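One structure below.
The values are calculated or read from the model by the stated rules, or taken from the named source; none is laboratory data. Everything numeric here is computed off the predicted structure, so don't read it as measured data. All Cβ positions, even for glycine, are placed from backbone atoms using ideal geometry, and neighbour counts span all protein chains on display. Keep in mind that these areas ignore ligands, DNA and RNA; they rest on the heavy atoms of the full protein, side chains included. Shrake-Rupley method; radii C 1.70, N 1.55, O 1.52, S 1.80 Å.
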2 protein chains.
Amino acid sequence: MVRRRGARENRREEILLAALDVFAERGYTGASIASIAERVGLSQQGVLHYFPSKDRLLAEVLRLRDERNLDVLVLPGEGGAITLETVAGLVEYNAQRRGIVQSFTVLSAESVLEDHPARDFFKERYGTSRAWMAEVIRAELGDELPAGLTPEQAAPLMFAVMDGLQLQWLLAPDDIDMPGLFRAFLSLLRARRSVSE
Amino acid sequence: MVRRRGARENRREEILLAALDVFAERGYTGASIASIAERVGLSQQGVLHYFPSKDRLLAEVLRLRDERNLDVLVLPGEGGAITLETVAGLVEYNAQRRGIVQSFTVLSAESVLEDHPARDFFKERYGTSRAWMAEVIRAELGDELPAGLTPEQAAPLMFAVMDGLQLQWLLAPDDIDMPGLFRAFLSLLRARRSVSE
DNA sequence: CTCGCAACCTACCGACTATTCGGTAATCGT
DNA sequence: ACGATTACCGAATAGTCGGTAGGTTGCGAG
(Lines give C-alpha, C1' and ligand atoms only; values in the text may rest on other atoms or scores of the structure.)
Protein backbone atom coordinates (compact mmCIF):
# COMPACT_ATOMS: atom_id res chain seq x y z
CA MET A 1 0.00 0.00 0.00
CA VAL A 2 2.39 2.65 1.20
CA ARG A 3 5.72 2.81 -0.57
CA ARG A 4 8.19 3.52 2.14
CA ARG A 5 6.34 2.50 5.23
CA GLY A 6 5.70 5.60 7.27
CA ALA A 7 7.89 7.78 5.13
CA ARG A 8 5.13 10.28 4.71
CA GLU A 9 4.39 10.42 8.41
CA ASN A 10 8.05 10.90 9.23
CA ARG A 11 8.32 13.77 6.80
CA ARG A 12 5.20 15.35 8.23
CA GLU A 13 6.54 15.18 11.75
CA GLU A 14 9.85 16.62 10.65
CA ILE A 15 7.99 19.58 9.22
CA LEU A 16 5.86 19.96 12.36
CA LEU A 17 8.93 20.12 14.57
CA ALA A 18 10.56 22.71 12.34
CA ALA A 19 7.33 24.69 12.31
CA LEU A 20 7.20 24.70 16.10
CA ASP A 21 10.72 26.10 16.17
CA VAL A 22 9.93 28.86 13.72
CA PHE A 23 6.68 29.74 15.47
CA ALA A 24 8.64 29.97 18.71
CA GLU A 25 11.10 32.35 17.12
CA ARG A 26 8.78 34.55 15.14
CA GLY A 27 5.21 33.85 16.24
CA TYR A 28 2.55 32.68 13.83
CA THR A 29 2.05 35.93 11.93
CA GLY A 30 5.77 36.53 11.65
CA ALA A 31 6.61 33.01 10.52
CA SER A 32 6.72 32.20 6.83
CA ILE A 33 6.18 28.84 5.23
CA ALA A 34 9.39 29.37 3.29
CA SER A 35 11.46 29.66 6.48
CA ILE A 36 9.96 26.44 7.79
CA ALA A 37 10.63 24.73 4.47
CA GLU A 38 14.24 25.87 4.49
CA ARG A 39 14.77 24.22 7.85
CA VAL A 40 13.76 20.79 6.55
CA GLY A 41 15.46 21.26 3.20
CA LEU A 42 12.32 21.61 1.15
CA SER A 43 10.87 24.29 -1.01
CA GLN A 44 7.90 26.26 0.19
CA GLN A 45 5.72 24.19 -2.12
CA GLY A 46 7.15 21.04 -0.67
CA VAL A 47 5.73 21.95 2.72
CA LEU A 48 2.38 22.82 1.19
CA HIS A 49 2.34 19.39 -0.34
CA TYR A 50 2.03 17.91 3.14
CA PHE A 51 -0.12 20.61 4.73
CA PRO A 52 -2.70 22.40 2.63
CA SER A 53 -2.32 25.77 4.32
CA LYS A 54 -0.48 27.67 7.03
CA ASP A 55 -3.57 27.55 9.23
CA ARG A 56 -3.76 23.80 9.08
CA LEU A 57 -0.06 23.49 9.75
CA LEU A 58 -0.49 25.52 12.92
CA ALA A 59 -3.45 23.42 13.97
CA GLU A 60 -1.43 20.23 13.66
CA VAL A 61 1.56 21.71 15.45
CA LEU A 62 -0.64 22.55 18.42
CA ARG A 63 -2.25 19.14 18.43
CA LEU A 64 1.12 17.39 18.41
CA ARG A 65 2.50 19.56 21.20
CA ASP A 66 -0.51 18.91 23.35
CA GLU A 67 -0.11 15.17 22.96
CA ARG A 68 3.52 15.32 24.02
CA ASN A 69 2.72 17.57 26.97
CA LEU A 70 0.10 15.13 28.08
CA ASP A 71 2.76 12.40 27.98
CA VAL A 72 4.99 14.36 30.33
CA LEU A 73 2.09 14.96 32.66
CA VAL A 74 0.65 11.48 32.66
CA LEU A 75 3.83 9.41 32.62
CA PRO A 76 5.05 10.28 36.11
CA GLY A 77 1.55 9.78 37.42
CA GLU A 78 1.73 6.23 36.12
CA GLY A 79 -0.49 4.06 38.18
CA GLY A 80 -1.27 6.95 40.49
CA ALA A 81 -3.45 9.98 40.17
CA ILE A 82 -2.07 13.31 39.01
CA THR A 83 -1.23 15.54 41.93
CA LEU A 84 -0.20 19.15 42.39
CA GLU A 85 3.32 17.83 42.72
CA THR A 86 3.06 16.41 39.21
CA VAL A 87 2.06 19.84 37.97
CA ALA A 88 5.01 21.43 39.75
CA GLY A 89 7.16 18.86 37.99
CA LEU A 90 5.78 20.00 34.67
CA VAL A 91 6.76 23.57 35.50
CA GLU A 92 10.26 22.36 36.32
CA TYR A 93 10.37 20.47 33.04
CA ASN A 94 9.25 23.59 31.19
CA ALA A 95 12.04 25.62 32.78
CA GLN A 96 14.40 23.50 30.70
CA ARG A 97 12.49 23.83 27.44
CA ARG A 98 12.60 27.48 26.62
CA GLY A 99 11.60 27.10 22.98
CA ILE A 100 8.42 25.25 23.72
CA VAL A 101 7.42 27.64 26.47
CA GLN A 102 8.11 30.56 24.16
CA SER A 103 6.04 29.12 21.35
CA PHE A 104 3.05 28.56 23.60
CA THR A 105 3.33 31.94 25.28
CA VAL A 106 3.47 33.75 21.97
CA LEU A 107 0.86 31.65 20.20
CA SER A 108 -1.66 31.73 23.04
CA ALA A 109 -1.43 35.50 23.34
CA GLU A 110 -1.63 35.89 19.58
CA SER A 111 -4.72 33.70 19.57
CA VAL A 112 -6.86 36.34 21.31
CA LEU A 113 -6.79 38.36 18.10
CA GLU A 114 -9.91 38.34 15.96
CA ASP A 115 -10.06 35.54 13.43
CA HIS A 116 -6.86 33.96 14.65
CA PRO A 117 -6.71 30.34 13.56
CA ALA A 118 -5.73 29.12 17.03
CA ARG A 119 -8.47 30.96 18.91
CA ASP A 120 -10.82 28.04 19.29
CA PHE A 121 -8.00 25.72 20.17
CA PHE A 122 -6.86 27.80 23.12
CA LYS A 123 -10.32 28.71 24.26
CA GLU A 124 -11.35 25.08 24.44
CA ARG A 125 -8.03 24.05 25.91
CA TYR A 126 -8.30 26.49 28.79
CA GLY A 127 -11.92 25.53 29.40
CA THR A 128 -11.27 21.83 29.73
CA SER A 129 -7.98 22.37 31.57
CA ARG A 130 -9.66 24.50 34.21
CA ALA A 131 -12.35 21.91 34.86
CA TRP A 132 -9.78 19.16 35.04
CA MET A 133 -7.48 21.16 37.31
CA ALA A 134 -10.33 22.01 39.67
CA GLU A 135 -10.84 18.28 40.18
CA VAL A 136 -7.15 17.69 40.84
CA ILE A 137 -7.23 20.42 43.46
CA ARG A 138 -10.41 19.11 45.04
CA ALA A 139 -9.02 15.58 45.19
CA GLU A 140 -5.90 16.73 46.97
CA LEU A 141 -6.97 19.67 49.11
CA GLY A 142 -10.68 19.14 49.46
CA ASP A 143 -13.24 21.89 49.18
CA GLU A 144 -11.83 23.99 51.96
CA LEU A 145 -9.03 26.17 50.66
CA PRO A 146 -7.45 29.13 52.44
CA ALA A 147 -9.41 32.39 52.42
CA GLY A 148 -12.56 30.56 51.47
CA LEU A 149 -11.48 29.86 47.91
CA THR A 150 -13.19 27.14 45.92
CA PRO A 151 -11.29 24.73 43.64
CA GLU A 152 -13.15 26.35 40.73
CA GLN A 153 -11.51 29.67 41.65
CA ALA A 154 -8.11 28.17 42.34
CA ALA A 155 -7.92 26.42 38.96
CA PRO A 156 -7.91 29.53 36.73
CA LEU A 157 -5.54 31.21 39.20
CA MET A 158 -3.19 28.27 38.83
CA PHE A 159 -3.02 28.58 35.06
CA ALA A 160 -2.75 32.34 35.37
CA VAL A 161 0.30 31.91 37.59
CA MET A 162 1.84 29.39 35.21
CA ASP A 163 1.32 31.57 32.14
CA GLY A 164 2.22 34.82 33.82
CA LEU A 165 5.42 33.41 35.29
CA GLN A 166 6.41 32.07 31.88
CA LEU A 167 6.15 35.54 30.40
CA GLN A 168 8.31 37.12 33.09
CA TRP A 169 10.75 34.22 32.96
CA LEU A 170 11.14 34.48 29.19
CA LEU A 171 11.98 38.17 29.51
CA ALA A 172 14.37 37.77 32.45
CA PRO A 173 15.36 34.13 33.06
CA ASP A 174 18.03 35.11 35.57
CA ASP A 175 15.68 37.13 37.74
CA ILE A 176 12.75 34.72 37.82
CA ASP A 177 12.91 31.35 39.52
CA MET A 178 9.87 29.98 37.75
CA PRO A 179 9.57 26.60 39.49
CA GLY A 180 10.35 28.10 42.89
CA LEU A 181 7.71 30.79 42.52
CA PHE A 182 5.17 28.30 41.30
CA ARG A 183 5.79 26.14 44.34
CA ALA A 184 5.45 29.22 46.51
CA PHE A 185 2.00 29.75 45.04
CA LEU A 186 1.14 26.10 45.67
CA SER A 187 2.15 26.44 49.29
CA LEU A 188 -0.23 29.38 49.50
CA LEU A 189 -3.03 27.06 48.45
CA ARG A 190 -1.91 24.32 50.80
CA ALA A 191 -1.66 26.55 53.87
CA ARG A 192 -3.96 25.55 56.71
CA ARG A 193 -7.16 27.51 57.22
CA SER A 194 -6.79 30.96 58.65
CA VAL A 195 -7.34 31.75 62.28
CA SER A 196 -10.13 34.27 62.72
CA GLU A 197 -8.39 37.17 64.44
CA MET B 1 6.68 80.10 16.38
CA VAL B 2 4.45 77.18 15.73
CA ARG B 3 1.73 77.79 13.17
CA ARG B 4 -1.28 76.15 14.68
CA ARG B 5 -0.41 75.85 18.32
CA GLY B 6 -0.09 72.21 19.20
CA ALA B 7 -1.50 71.04 15.90
CA ARG B 8 1.43 68.73 15.41
CA GLU B 9 1.13 67.25 18.86
CA ASN B 10 -2.59 66.68 18.37
CA ARG B 11 -1.99 64.89 15.12
CA ARG B 12 0.71 62.75 16.70
CA GLU B 13 -1.58 61.72 19.52
CA GLU B 14 -4.35 60.94 17.05
CA ILE B 15 -1.97 58.60 15.26
CA LEU B 16 -0.81 57.02 18.51
CA LEU B 17 -4.37 56.23 19.55
CA ALA B 18 -5.15 54.70 16.17
CA ALA B 19 -1.93 52.70 16.35
CA LEU B 20 -2.87 51.31 19.76
CA ASP B 21 -6.19 50.17 18.30
CA VAL B 22 -4.59 48.44 15.35
CA PHE B 23 -1.91 46.82 17.51
CA ALA B 24 -4.71 45.56 19.75
CA GLU B 25 -6.50 44.05 16.77
CA ARG B 26 -3.57 42.59 14.89
CA GLY B 27 -0.51 42.66 17.13
CA TYR B 28 2.66 44.47 16.16
CA THR B 29 3.85 42.11 13.45
CA GLY B 30 0.41 41.85 11.93
CA ALA B 31 -0.28 45.57 11.98
CA SER B 32 0.64 47.67 8.97
CA ILE B 33 1.43 51.35 8.93
CA ALA B 34 -1.06 51.72 6.09
CA SER B 35 -3.94 50.41 8.20
CA ILE B 36 -3.07 52.85 10.97
CA ALA B 37 -2.88 55.68 8.44
CA GLU B 38 -6.27 54.78 7.01
CA ARG B 39 -7.83 55.17 10.43
CA VAL B 40 -6.69 58.76 10.78
CA GLY B 41 -7.33 59.63 7.16
CA LEU B 42 -3.72 59.83 6.09
CA SER B 43 -1.56 58.00 3.63
CA GLN B 44 1.04 55.58 4.87
CA GLN B 45 3.69 58.21 4.23
CA GLY B 46 1.68 60.76 6.15
CA VAL B 47 2.16 58.64 9.25
CA LEU B 48 5.85 58.19 8.52
CA HIS B 49 6.12 61.95 8.41
CA TYR B 50 5.35 62.04 12.13
CA PHE B 51 7.09 58.86 13.17
CA PRO B 52 10.27 57.84 11.40
CA SER B 53 9.64 54.10 11.60
CA LYS B 54 7.21 51.45 12.80
CA ASP B 55 9.54 50.62 15.68
CA ARG B 56 9.53 54.17 16.96
CA LEU B 57 5.79 54.37 16.60
CA LEU B 58 5.43 51.31 18.81
CA ALA B 59 7.84 52.75 21.35
CA GLU B 60 5.80 55.92 21.65
CA VAL B 61 2.53 54.03 21.87
CA LEU B 62 3.87 52.06 24.82
CA ARG B 63 5.21 55.15 26.52
CA LEU B 64 1.88 56.95 26.17
CA ARG B 65 -0.10 53.98 27.48
CA ASP B 66 2.15 53.64 30.46
CA GLU B 67 1.65 57.29 31.36
CA ARG B 68 -2.12 56.95 31.23
CA ASN B 69 -2.06 53.75 33.25
CA LEU B 70 -0.01 55.50 35.87
CA ASP B 71 -2.68 58.20 36.03
CA VAL B 72 -5.37 55.64 36.78
CA LEU B 73 -3.22 54.07 39.44
CA VAL B 74 -2.04 57.23 41.12
CA LEU B 75 -5.19 59.34 40.93
CA PRO B 76 -7.29 57.30 43.38
CA GLY B 77 -4.33 57.13 45.71
CA GLU B 78 -4.36 60.91 45.82
CA GLY B 79 -2.91 62.09 49.05
CA GLY B 80 -2.63 58.51 50.27
CA ALA B 81 -0.28 55.69 49.50
CA ILE B 82 -1.08 53.10 46.87
CA THR B 83 -2.58 49.99 48.40
CA LEU B 84 -3.47 46.53 47.19
CA GLU B 85 -7.02 47.81 46.96
CA THR B 86 -5.87 50.42 44.46
CA VAL B 87 -4.36 47.62 42.38
CA ALA B 88 -7.61 45.65 42.55
CA GLY B 89 -9.32 48.81 41.33
CA LEU B 90 -7.00 48.87 38.34
CA VAL B 91 -7.98 45.31 37.49
CA GLU B 92 -11.62 46.33 37.69
CA TYR B 93 -10.91 49.27 35.43
CA ASN B 94 -9.14 46.98 32.97
CA ALA B 95 -12.15 44.68 32.85
CA GLN B 96 -13.95 47.54 31.11
CA ARG B 97 -11.17 48.30 28.64
CA ARG B 98 -10.86 45.21 26.55
CA GLY B 99 -8.92 46.85 23.73
CA ILE B 100 -6.16 48.12 25.95
CA VAL B 101 -5.84 44.85 27.80
CA GLN B 102 -5.69 43.00 24.51
CA SER B 103 -3.00 45.24 23.12
CA PHE B 104 -0.81 44.81 26.16
CA THR B 105 -1.35 41.07 26.36
CA VAL B 106 -0.44 40.58 22.71
CA LEU B 107 2.44 43.04 22.65
CA SER B 108 4.06 41.79 25.85
CA ALA B 109 3.96 38.19 24.66
CA GLU B 110 5.23 39.18 21.24
CA SER B 111 8.08 41.05 22.91
CA VAL B 112 9.76 37.85 24.08
CA LEU B 113 10.72 37.14 20.47
CA GLU B 114 14.29 37.77 19.45
CA ASP B 115 15.00 41.29 18.26
CA HIS B 116 11.51 42.48 19.06
CA PRO B 117 11.49 46.27 19.37
CA ALA B 118 9.48 46.19 22.61
CA ARG B 119 11.69 43.65 24.38
CA ASP B 120 13.66 46.12 26.44
CA PHE B 121 10.58 48.10 27.28
CA PHE B 122 8.78 45.15 28.80
CA LYS B 123 11.84 43.70 30.46
CA GLU B 124 12.55 46.96 32.23
CA ARG B 125 8.90 47.55 32.98
CA TYR B 126 8.52 44.21 34.74
CA GLY B 127 11.74 44.69 36.63
CA THR B 128 10.82 48.04 38.10
CA SER B 129 7.19 47.06 38.61
CA ARG B 130 8.18 44.02 40.65
CA ALA B 131 10.44 46.05 42.91
CA TRP B 132 7.75 48.67 43.36
CA MET B 133 5.03 46.10 44.01
CA ALA B 134 7.16 44.31 46.59
CA GLU B 135 7.30 47.55 48.55
CA VAL B 136 3.54 48.06 48.31
CA ILE B 137 3.03 44.56 49.68
CA ARG B 138 5.57 45.04 52.45
CA ALA B 139 4.00 48.33 53.46
CA GLU B 140 0.57 46.79 53.75
CA LEU B 141 1.14 43.22 54.88
CA GLY B 142 4.57 43.39 56.44
CA ASP B 143 7.25 40.79 55.93
CA GLU B 144 5.22 37.90 57.21
CA LEU B 145 3.05 36.49 54.47
CA PRO B 146 1.20 33.17 54.52
CA ALA B 147 3.24 30.04 53.86
CA GLY B 148 6.44 31.94 54.59
CA LEU B 149 6.36 33.95 51.35
CA THR B 150 8.40 37.10 51.06
CA PRO B 151 7.11 40.26 49.40
CA GLU B 152 9.78 39.71 46.74
CA GLN B 153 8.13 36.39 45.90
CA ALA B 154 4.60 37.72 46.09
CA ALA B 155 5.28 40.59 43.68
CA PRO B 156 6.07 38.50 40.56
CA LEU B 157 3.19 36.18 41.47
CA MET B 158 0.89 39.16 41.55
CA PHE B 159 1.82 40.27 38.04
CA ALA B 160 1.67 36.68 36.87
CA VAL B 161 -1.91 36.43 38.13
CA MET B 162 -2.84 39.72 36.50
CA ASP B 163 -1.36 38.80 33.13
CA GLY B 164 -2.53 35.22 33.18
CA LEU B 165 -6.08 36.16 34.09
CA GLN B 166 -6.14 38.69 31.29
CA LEU B 167 -5.28 36.00 28.79
CA GLN B 168 -8.02 33.66 29.99
CA TRP B 169 -10.48 36.54 30.25
CA LEU B 170 -9.79 37.69 26.69
CA LEU B 171 -10.48 34.19 25.40
CA ALA B 172 -13.63 33.62 27.48
CA PRO B 173 -14.93 36.83 29.07
CA ASP B 174 -18.16 35.16 30.19
CA ASP B 175 -16.39 32.36 32.04
CA ILE B 176 -13.75 34.41 33.79
CA ASP B 177 -14.57 36.94 36.50
CA MET B 178 -11.22 38.69 36.29
CA PRO B 179 -11.60 41.19 39.15
CA GLY B 180 -13.24 38.59 41.40
CA LEU B 181 -10.46 36.09 40.84
CA PHE B 182 -7.80 38.71 41.38
CA ARG B 183 -9.38 39.64 44.69
CA ALA B 184 -9.49 35.97 45.58
CA PHE B 185 -5.75 35.82 45.05
CA LEU B 186 -5.30 38.94 47.18
CA SER B 187 -7.26 37.32 49.99
CA LEU B 188 -4.83 34.40 49.82
CA LEU B 189 -2.01 36.82 50.50
CA ARG B 190 -3.93 38.54 53.27
CA ALA B 191 -4.89 35.35 55.10
CA ARG B 192 -3.50 35.11 58.62
CA ARG B 193 -0.51 32.91 59.29
CA SER B 194 -1.14 29.23 59.25
CA VAL B 195 -1.61 27.14 62.34
CA SER B 196 1.00 24.41 62.51
CA GLU B 197 -1.03 21.22 62.56
C1' DC C 1 4.37 90.13 -0.30
C1' DT C 2 7.63 86.91 -0.26
C1' DC C 3 10.48 83.36 1.90
C1' DG C 4 10.81 79.06 4.39
C1' DC C 5 9.16 75.32 6.38
C1' DA C 6 5.59 72.01 7.81
C1' DA C 7 2.37 68.84 6.20
C1' DC C 8 1.38 66.20 3.52
C1' DC C 9 1.06 63.64 -1.32
C1' DT C 10 2.27 60.43 -5.49
C1' DA C 11 5.37 57.37 -7.16
C1' DC C 12 8.31 54.01 -6.43
C1' DC C 13 11.62 50.31 -4.52
C1' DG C 14 13.03 45.70 -3.28
C1' DA C 15 11.67 42.22 -0.54
C1' DC C 16 8.45 39.19 1.10
C1' DT C 17 3.65 36.90 1.58
C1' DA C 18 0.40 32.56 0.91
C1' DT C 19 -1.32 29.96 -2.51
C1' DT C 20 -2.10 27.80 -7.29
C1' DC C 21 -0.70 25.55 -11.53
C1' DG C 22 1.78 22.59 -14.19
C1' DG C 23 5.06 20.00 -14.55
C1' DT C 24 8.89 15.91 -13.65
C1' DA C 25 11.04 12.09 -11.61
C1' DA C 26 10.98 8.33 -8.75
C1' DT C 27 8.71 4.46 -6.89
C1' DC C 28 4.92 1.60 -5.89
C1' DG C 29 1.58 -2.41 -6.68
C1' DT C 30 0.42 -5.33 -10.21
C1' DA D 1 7.13 -3.79 -17.83
C1' DC D 2 3.25 -0.56 -16.85
C1' DG D 3 -0.14 2.56 -15.13
C1' DA D 4 -0.89 5.02 -10.99
C1' DT D 5 0.45 7.51 -7.28
C1' DT D 6 3.53 10.22 -4.54
C1' DA D 7 6.84 13.66 -3.79
C1' DC D 8 8.28 17.03 -4.87
C1' DC D 9 10.05 21.74 -7.60
C1' DG D 10 9.85 26.10 -10.81
C1' DA D 11 7.28 29.67 -12.04
C1' DA D 12 3.75 32.66 -11.65
C1' DT D 13 -0.19 35.20 -9.24
C1' DA D 14 -1.64 38.83 -6.86
C1' DG D 15 -0.87 40.90 -3.52
C1' DT D 16 1.43 43.37 1.11
C1' DC D 17 5.30 45.07 3.63
C1' DG D 18 8.33 49.11 5.53
C1' DG D 19 10.75 52.71 3.81
C1' DT D 20 12.70 56.51 0.49
C1' DA D 21 12.70 60.34 -2.97
C1' DG D 22 10.89 64.08 -4.64
C1' DG D 23 7.49 66.76 -5.19
C1' DT D 24 3.21 70.25 -4.16
C1' DT D 25 0.36 73.07 -1.24
C1' DG D 26 -0.66 76.35 2.18
C1' DC D 27 0.23 78.81 6.24
C1' DG D 28 3.09 81.87 9.37
C1' DA D 29 6.83 84.89 10.21
C1' DG D 30 9.49 88.64 8.58
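Treating only the Cβ atoms of Lys and Arg (+1) and Asp and Glu (-1) as charged, compute the dipole magnitude of segment A:76-197 about its Cα centre; round to the nearest 20 debye.
On the way: 11 positive and 18 negative charges, 30 e Å.
Computed about the Cα centre, the dipole is about 140 debye.
In segment B:1-106, what trypsin sites (Lys or Arg not before Pro) fall in a loop by DSSP, with at most 14 other Cβ atoms inside 10 Å? The qualifying sites are B:3, B:4, B:5, B:97. Think of chain A as having a plus end and a minus end, set by charges on the Cβ of Lys, Arg, Asp and Glu; of A:52, A:105, A:70, A:52 sits farthest toward the positive end of this dipole. Karplus-based coupling profile of segment A:121-138, in residue order and whole Hz: 4, 6, 4, 5, 4, 5, x, 5, 5, 5, 4, 5, 5, 4, 6, 4, 5, 4, with θ = phi - 60° in 6.51 cos²θ - 1.76 cosθ + 1.60 and x standing for Gly or Pro. Across segment B:146-162, rounded Karplus estimates of 3J(HN,Hα) from the backbone phi angles (6.51 cos²θ - 1.76 cosθ + 1.60, θ = phi - 60°) give x, 6, x, 5, 9, x, 5, 8, 5, 4, x, 4, 4, 5, 4, 4, 4 Hz, Gly and Pro being marked x. Per residue of B:30-40, other chain Cβ atoms within 10 Å of the residue Cβ number 1 on average.
Inter-part distance, segment A:32-84 to segment B:124-190, computed on C-alpha centroids, equals 33 Å. At the nearest 100 Å², what buried accessible area, both sides summed, do you get for A and B when the probe is 1.4 Å? The contact between B and A buries close to 4300 Å². The relative contact order of segment B:1-147, computed from alpha carbon pairs under 8 Å that lie at least 6 residues apart in sequence, is 25 percent. Projecting the Cα atoms of A:17, A:171, B:157 onto the charge dipole of the protein assembly as shown, computed from C-beta unit charges around the Cα centre, puts A:17 farthest toward the positive end. For residue B:23, the solvent-accessible surface with a 1.4 Å probe is about 0 Å², rounded to the nearest 10.
Per-residue Karplus couplings for segment A:184-189, computed as 6.51 cos²θ - 1.76 cosθ + 1.60 with θ equal to phi - 60°, are listed in order as 4, 5, 4, 5, 5, 6 Hz, Gly and Pro entered as x.
When a/c reaches 1.5 or more, the comparison of a/b and b/c decides; with that in mind, is segment B:127-197 rounded, prolate or oblate per its Cα gyration tensor?
On the way: a/c = 2.79, a/b = 1.48, b/c = 1.88.
In terms of gyration-tensor shape, oblate.
Per residue, the solvent-accessible area of segment B:103-168 (1.4 Å probe, heavy atoms of protein chains only, all protein chains present) comes to 36 Å². Over segment B:76-197, what is the relative contact order in percent, taking alpha-carbon pairs closer than 8 angstrom and at least six residues apart? The normalised contact order for segment B:76-197 reaches 29 percent. About the centre of its Cα atoms, the protein assembly as shown shows a dipole size close to 1160 debye [charges on the beta carbon of Lys, Arg (+1) and Asp, Glu (-1) only; nearest 20 debye]. Here segment B:1-58 is assigned +1 on the Cβ of each Lys and Arg and -1 on the Cβ of each Asp and Glu. Its dipole about the Cα centre then comes out at about 340 debye. Residue A:40 label point (Cα plus 7 Å toward Cβ) to equivalent points in the other copies: 4.3 nm, shortest first. Comment: the Cα-to-Cβ extended label point of residue B:67, at 7 Å, lies 5.2 nm from its counterparts in the other copies, nearest first.
In this label model, residue A:81 and residue B:115 are separated by 5.0 nm, measuring between points 7 Å along each Cα→Cβ vector. Each copy carries a label point for residue A:174 at 7 Å from Cα toward Cβ; from one copy, the others' points are 4.8 nm away, ordered from shortest.
Accessible area of segment B:76-197 with a 1.4 Å probe: how many percent of it is carbon plus sulfur? Present the calculation step by step, with values, prior to reporting the outcome.
Details: 2480 of 5190 Å².
Whole-percent figure for carbon plus sulfur exposure: 48.
If you sort B:132, B:169 by accessible surface, 1.4 Å probe, largest first, the order is B:132, B:169. Two numbers describe the Cα atoms of segment A:76-197: Rg and Dmax, which are 15.6, 51 Å. Note on the protein assembly as shown: Kirkwood hydrodynamic radius from all Cα pairs is 22.7 Å, rounded to one decimal.
What number, rounded to the nearest 500 deg cm²/dmol, is the helix-based mean residue ellipticity at 222 nm of the protein assembly as shown, given -39500 (n - 2.57) per DSSP H run of at least four residues and division by all its residues? If you can, show how the numbers build up before the last one.
On the way: 18 runs with 280 residues, N = 394.
Roughly -23500 deg cm²/dmol at 222 nm, from the helical runs in the protein assembly as shown.
Mind checking A:178-186 for the average number of partner chain beta-carbons within 10 Å of each residue's beta-carbon?
Numbers: counts 2, 0, 1, 7, 2, 2, 9, 9, 1.
Across A:178-186, the average partner-chain Cβ count within 10 Å equals 4.
Across peptide B:139-152, how many C-beta atoms of other chains are within 10 Å of each residue C-beta, on average?
Per residue, the average neighbour count from other chains is 2.
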